[in-house]
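Working notes, beginning with the structure itself.
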Amino acid sequence: AGAGYEELGQRLQVLQPGRFEYYHTSYDKFPDGTDNITLSGFTPTNVIAGSHVLFLASLLNNDATVSQISVLIVLLQSFIKSLTIVMPFYPAGTMDRVDVEGKVATANTLAMIFSSLPSCGKPARLMIYDIHALQERFYFHGSVIPSLHTALPLLLPKLREHNISAVAFPDDGAAKRFGHFFSSNGFNIIVCGKVRNGDTRIVTIQDGNPNGCKVVIVDDLVQTGGTIYKAGQQLMKSGATQVFAYATHGVFPENSWERFLYPVSQDNSTPSTSERIFEKFWFTNSIPHTVSRVPSDNVFEVIDLLPQIISDLEFRS
């Protein structure tokens, strides 16, 4: 497993001990800052050769990416039978196009790096959840074949628990991407969008009616959360009784999650309903360092991605 996903790998072994055996990888550094990586499972007896390997990849930053690419190369050169890479979050997914010459579409360049990995005799399977743009699957080729998955089935029990009847999308792209999943499950669809008002851009409701509904805003990922927050405000102004939010990947750079925290009562013991926009904000544990930073006793609730990973391994391998 990559750094941050060790706990996920250990739980995978606990849940299916007859199928998986977890081996730790030590990501250390030499004094000059270069990698000093050690994979277990090679000594005193090599149990890696001839096995089917599952690697949990967490590309949290460029340093972690280079380290894990090194690990994947070693594994592929160790006479394994097959390699499945579970990469819940593809971090370069939002940089999938350029509008001026000289910009680098890192969604493509990172895909090329993975596509250039050595072969173990057949392509490695790369499992990605709710990738930002579906066409990014075509950036991969050669030694790696992506299989794209969604974490949305994990959200359905939450929606039924809270009697949510409508799903809103912050833009038309998200509606086209996820709308069919929710409409086929009986939810009303609401589409928001940004329009220009002078020098500013405001969020409006472009399709659907939230009046009298409990509404959840759904997107593949959240960065600063500005658009989702403004969409929530607009839904409340338009008559929604309660507003929730969900994003598979909670990126939240520079503690931007703080804008969603609701105030607490004066004795600091119970949530206050004043100035409260979101009842709950759900996101998965696809980005481990976000889970460790975001408070769990307020608006946020983490949905465990592991059951969906196990399901997708079982039925789509």
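The values are calculated or read from the model by the stated rules, or taken from the named source; none is laboratory data. Since the structure is predicted, the reported quantities are computational estimates derived from the model, not experimental observations. A quick note on method: Cβ atoms are made from the backbone with ideal geometry, for glycine too, and the neighbour counts reach across all protein chains shown. In case anyone asks, the SASA skips ligands and DNA or RNA and just uses the protein heavy atoms, side chains included. Shrake-Rupley method; radii C 1.70, N 1.55, O 1.52, S 1.80 Å.
Listed by first and then second residue, the pairs with beta-carbon distance under 7 Å, at least 6 apart or on different chains, first residue in the stretch 200-223 and in contact (Cβ under 8 Å) with a residue 12 or more places away in the chain and more than 16 Å from ALA175 (Cβ to Cβ), second small (Gly, Ala, Ser) and surrounded by fewer than 13 Cβ atoms within 10 Å (Cβ to Cβ), are ASN211/GLY239; GLY212/GLY239. Can you tell me which residues in the stretch 60-78 are of a type in the set (S, T, N, Q) and in contact (Cβ under 8 Å) with a residue 24 or more places away in the chain? The answer is THR65, SER67, GLN68, SER70, GLN77, SER78. Which pairs turn up if I take residues in the stretch 40-59 that are free of Cβ contacts under 8 Å to residues at least 24 places away in the same chain and at negative phi and look for partners that are among the hydroxyl-bearing types (Ser, Thr, Tyr) and open to solvent by 50 Å² or more (accessible area, probe 1.4 Å) with beta carbon separation below 7 Å, at least 6 apart in sequence or on another chain? Pairs found: SER40/TYR23. Just a yes or no: is a residue in the stretch 185-196 free of Cβ contacts under 8 Å to residues at least 24 places away in the same chain, farther than 30 Å from LEU59 by Cβ, outside any strand (DSSP E or B) and of a type in the set (D, E, K, R)? Within the stretch 185-196 (the criterion being free of Cβ contacts under 8 Å to residues at least 24 places away in the same chain, farther than 30 Å from LEU59 by Cβ, outside any strand (DSSP E or B) and of a type in the set (D, E, K, R)), the answer is no, since none of the residues qualifies. Within the stretch 74-92, the set of residues being in contact with a Lys or Arg (Cβ under 8 Å, 6 or more places away or on another chain) and among the hydroxyl-bearing types (Ser, Thr, Tyr) comprises SER82, THR84. Out of ALA92, ALA111, one residue alone is in contact with an Asp or Glu (Cβ under 8 Å, 6 or more places away or on another chain) and free of Cβ contacts under 8 Å to residues at least 40 places away in the same chain. It is ALA111. Counting only strands (runs of 3 or more DSSP E) wholly contained in the stretch 1-80, the ones carrying 3 or more residues that are surrounded by fewer than 18 Cβ atoms within 10 Å (Cβ to Cβ) occupy 25-29, 35-39.
Taking the numbered list (1) open to solvent by 60 Å² or more (accessible area, probe 1.4 Å); (2) of a type outside the set (Gly, Ala, Ser); (3) within 20 Å of the chain's Cα centre (by Cα); (4) over 22 Å from GLY4 (Cα atoms) in turn, VAL98 passes all entries but (3).
Output yes when any residue across the stretch 264-277 is of a type outside the set (D, E, K, R) and modelled with pLDDT of 90 or more, and no when none is.
Yes, that holds for at least one residue.
Of all residues in the stretch 110-123, those that are among the hydroxyl-bearing types (Ser, Thr, Tyr) and part of a loop (DSSP other than H, G, I, E, B) total 2. Looking at the stretch 124-176 only, could you name the residues that are more than 27 Å from VAL86 (Cβ to Cβ), open to solvent by 50 Å² or more (accessible area, probe 1.4 Å) and not in a loop (DSSP other than H, G, I, E, B)? Correct list: ARG160, GLU161, ASP172.
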